[in-house]
1. Is one or more of the residues making up the stretch A:288-298 of a type in the set (Gly, Ala, Ser), in contact (Cβ under 8 Å) with a residue 60 or more places away in the chain, closer than 26 Å to A:Gly150 by Cβ and outside any helix (DSSP H, G or I)?
2. Across the stretch A:116-139, which residue is farthest from A:Val81 (Cα to Cα) among those that are in contact with a Leu (Cβ under 7 Å, 6 or more places away or on another chain) and not in a loop (DSSP other than H, G, I, E, B)?
3. Please enumerate the residues belonging to the stretch A:73-115 that are facing chain B (nearest Cβ under 9 Å) and in a loop (DSSP other than H, G, I, E, B).
4. Which of the residues spanning the stretch A:121-145 are aliphatic (A, V, I, L, M) and under 20 Å from A:Val186 (Cα atoms)?
5. Within the stretch B:144-176, count every residue that is modelled with pLDDT under 90, among the charged types (D, E, K, R) and surrounded by fewer than 16 Cβ atoms within 10 Å (Cβ to Cβ).
6. If we keep just the residues of the stretch B:281-317 that are at the interface with another protein chain (Cβ under 8 Å from one of its Cβ atoms) and of a type in the set (D, E, K, R), which is surrounded by the most Cβ atoms within 10 Å (Cβ to Cβ)?
7. Tally time: how many residues in the stretch A:129-141 are out of contact with any Pro (no Cβ under 9 Å at 6 or more places or on another chain) and in contact (Cβ under 8 Å) with a residue 60 or more places away in the chain?
8. Can you tell which of A:Ala259, A:Ala217 is closer than 27 Å to A:Phe272 by Cα and either touching a Ser or Thr at 6+ places or on another chain (Cβ under 8 Å) or buried (at least 18 other Cβ atoms within 10 Å of the Cβ) (or both)?
Amino acid sequence: MTGFTRRAVGGLALAAALANLGGMAHAAGEKVAVITPYLSQPGTQFYVEAFQARAKELGWDVNVIDTAGDVAAVISRMEDVATQGVDAIVLNVDPAQVGAGLDAAVAANIPVFGMDAGADPRIKANVTSNGYAMAAETSVYVANRIGGAGNVVMFVFDAFPPVQARGVIADAVFKNHPDITVLDRVTPDVSDGGIADSRAKMEAILQANPEPGSIKAVWAAWDQPALGALQAIEAAGRQNEGIVITGIDANPQARDAIAAGGNFEASIAQDFQGIGKTTADTVARVLGGEALKANVIYVPTRLITSANAKE
Amino acid sequence: MARVLRHYGSLIGMAAIVLFFWAALPDTFMTARNWLNISQQLSMLTVVAVTMTVVMVMGDFDLSVGAMASLAGVVAAVLFTLGAPVPVALAAALAVGLAGGVLNGVLVSVIGILPFVATLATLTMFSGAAFLVSGGKTVFGRDIPQGFADFARSGLPLGTLDGKPLVLPALTLFAAAVTLAVWVVLDHTTYGRRLYAIGGNAEAARLAGVKVDRLRLSAFAFTGAGAALAGLMYASRVASANPVQGDGLMLSAIAAVFLGMTITRDGQPHVLATVAGVVTLGVMDNGLTQLQVDSYVRQVLVGAIIIVAVSVSAIGKRAMRGR
């Protein structure tokens, strides 16, 4: 019988713990579920923390659900919160992968929002950065720095739609300067991360254009090729020819390179906190009864140069 | 008292969990829609866990099932991108699963490596192969045939409830069919009884004329094919495939079999008990999500439930032996 008592006490303790958790759930305010498989990634953490901070001001009851990389679990948890009847769902995963979950939310009449997720007719609005604008900023930076004249090498990746959009804008900007010539439009092999192959491609281009001043700038559609090009230029001993390099994304390695004051001069940083806060504001607008006209909402990005790379 | 707890302790615990959620979520938990939901969410884990039961009956393990599920998904998806028809891609993925299972079987039974070590090694191999085949990328979007993606969203209409259609999901039906098949094989065929005999005492089984090596090999083939099947179900559900997506299935499947073992009369793995274990895990996920319990707390609680269930069972066993 002592064994039974011990078990009974254990069972009661567990029940009490569960009941306590249940009690905690019934706080006041709108219920919003944030579901992501990527919470362990730094960018996602910034979004989610900023979203939570804004949601707290709005008095919401936010449940952040991390499925630790499991996309099918995102669908399952969307179904669960749809059953529970939350007021809104915020996603940070490609909607193409969670169609079944979106169907469940639509069937339950629960608005779904994307936090840098991608567009889908079933999503009220996706809050993200404008790839076109980012490319415009860096390509115009390049054009201005070289005085609107000279040879430019472009690193692009047209197979991936978000990056393809960047290339289109840079093409247009360079074409609008009659004295700028696009020497080469390179698509690096990205299977190793993109730096090594970009470096190899850039080394070949440097070899083919040995005259100082024959290459004025390198415009890269993201940071890895820019870093590869920088390595190639430094390895060739041509870092003092004034070749201007720009990237996009402003990852930590790129920021270091920009801060060092070498050829890599500029990149663009997305405002992750801004995306989180704007997502919360967008949810608030829809919960307040507003019908959104645009289903993609852009948060401004920021040009990173040696002046602010260390911030 | 000890006898009651030994036999029914875990079952009572499982019922208590369901009753708790029913009470805490009176409007949404104990509804046909929610249970159909849960059944669909659990379909992939069910297939992995019931086929895992086949090797666990013999006292063996297969740690490679999650990696195999991932591998099968990317094999099918990459074949889709190469323009292969859906049946061809699915058959190829299942063949990979079967071959992987046979490889595990050979390592364990013919060469005689401990299952833990052999399947840990093949886990690594299958996972590496999944990255190789996919180039580390997620295959999704237009590369996935609409028919394949639609399968996971289809189902048998059961009528309407509250003005909305109620559907028995295709994935649930599929998992039920696999469960039924494995249940028949394990509980109602000589083959199944021999596997249990090996689990009871392999040496005695051998002396009794059971072809132990061959049976063990075939049992691993079962588990490998089951893992591949689950991987394809997963790929259909998310309409995409990446080289790690099935990895989480392995630990949950083993946990489900162990949970199931705590409710069986003989303390051995049984298919229907495994299903009860799977349902317990799924109900915890569903209920705690609806209660807005933090996802990390949820994870800790699920682990704690497994410990409680297995402890109750162990204490009950000891009590019955009179210490």
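The values are calculated or read from the model by the stated rules, or taken from the named source; none is laboratory data. Remember, it's a predicted structure, so these values are computed and weren't measured experimentally. Neighbour counts run over all protein chains shown; Cβ positions are idealised from the backbone, glycine included.
1. Taking every residue of the stretch A:288-298 in turn, none turns out to be of a type in the set (Gly, Ala, Ser), in contact (Cβ under 8 Å) with a residue 60 or more places away in the chain, closer than 26 Å to A:Gly150 by Cβ and outside any helix (DSSP H, G or I).
2. The residue in question is A:Glu137.
3. Result: A:Gly85, A:Val86, A:Asp94, A:Val98, A:Ala108.
4. Within the stretch A:121-145, A:Met134, A:Ala135, A:Ala136, A:Val140, A:Val142, A:Ala143 meet the criteria.
5. Number of matching residues: 2.
6. Per the criteria, the residue is B:Asp285.
7. The total comes to 6.
8. When all the criteria are applied, what remains is A:Ala259.
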